[in-house]
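Accompanying notes for the structure given below.
Just so you know, all these numbers are worked out from the coordinates, no wet-lab data involved. If you're wondering where the values come from, they're calculated on a predicted model, not measured in any experiment. Note: ideal-geometry Cβ built from the backbone for every residue, glycine included; neighbour counts use all protein chains shown.
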């Protein structure tokens, strides 16, 4: 398995629609950077958020998720309350090849502010908008800027395709659109 460089990422995006929309260079001026980097792709967060709240004293339960656990927000700047988190989605839509697995890590600009981004791996042949989990670990409100960089995706290509892909398993998050809440299959 090998980490893939910028020219491979660009080729896969252009020829196979792996990332749409695709930014072929890293945009930095006046924004938190996004676009292709040396060995990855910096994804953007869209402008819709589900911010978790304890107003209704609900319990977060992945098997019985209660929509009263969050408030919805749409805008250019999302403020996440102290010690809370929000769900969002990427601007980009992904189509992962059968011989590729990705890992996603938060950007250092946010990490240095106590904001942690959690994203599970994009499995072979997974497709969709990515649901992002953005945690504010600080005792202060934290701002997230829509349509700017939020995390970096690193692409690993295997020596041979996997036996069973996410599409073969008919994964429950396949082709997700919008902020997708937890599901139990």
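Things to note:
- Modelled FRET efficiency - R0 30 Å, residue 159 with residue 72, Cβ distances, 0.05 increments: 0.10
- With both labels modelled 7 Å from their Cα along Cα-to-Cβ, the residue 137 to residue 60 distance reads 1.4 nm.
- Point-to-point label distance, residue 26-residue 14, nm (Cα→Cβ direction, 7 Å offset): 2.0 nm
- In plain terms, the residue of 1, 12 with the fewest other Cβ atoms within 10 Å comes first and the most crowded comes last, giving 1, 12.
- For the chain, the longest principal axis of the C-alpha atoms and the axis of helix 6-16 are separated by about 90°.
- The relative contact order of the chain comes to 27 percent, based on Cα pairs under 8 Å that sit 6 or more residues apart.
- Using a Gaussian network model of the chain in which every pair of alpha carbons under 10 angstrom is joined by a spring, one finds that among 44, 68, 98 the greatest mean-square fluctuation is at 68.
- Across the range 58-130, Cα pairs under 8 Å and at least six residues apart give a relative contact order of 32 percent.
- Alpha-carbon centroid distance for the pair the range 94-134 / the range 4-66, whole angstrom: 7 Å
- Here the Gaussian network model covers the chain, with springs between Cα atoms less than 10 Å apart; of 82, 62, 21, 62 fluctuates the most.
- Cα-Cα separations in the chain greater than 23 Å, expressed as whole percent: 42 percent
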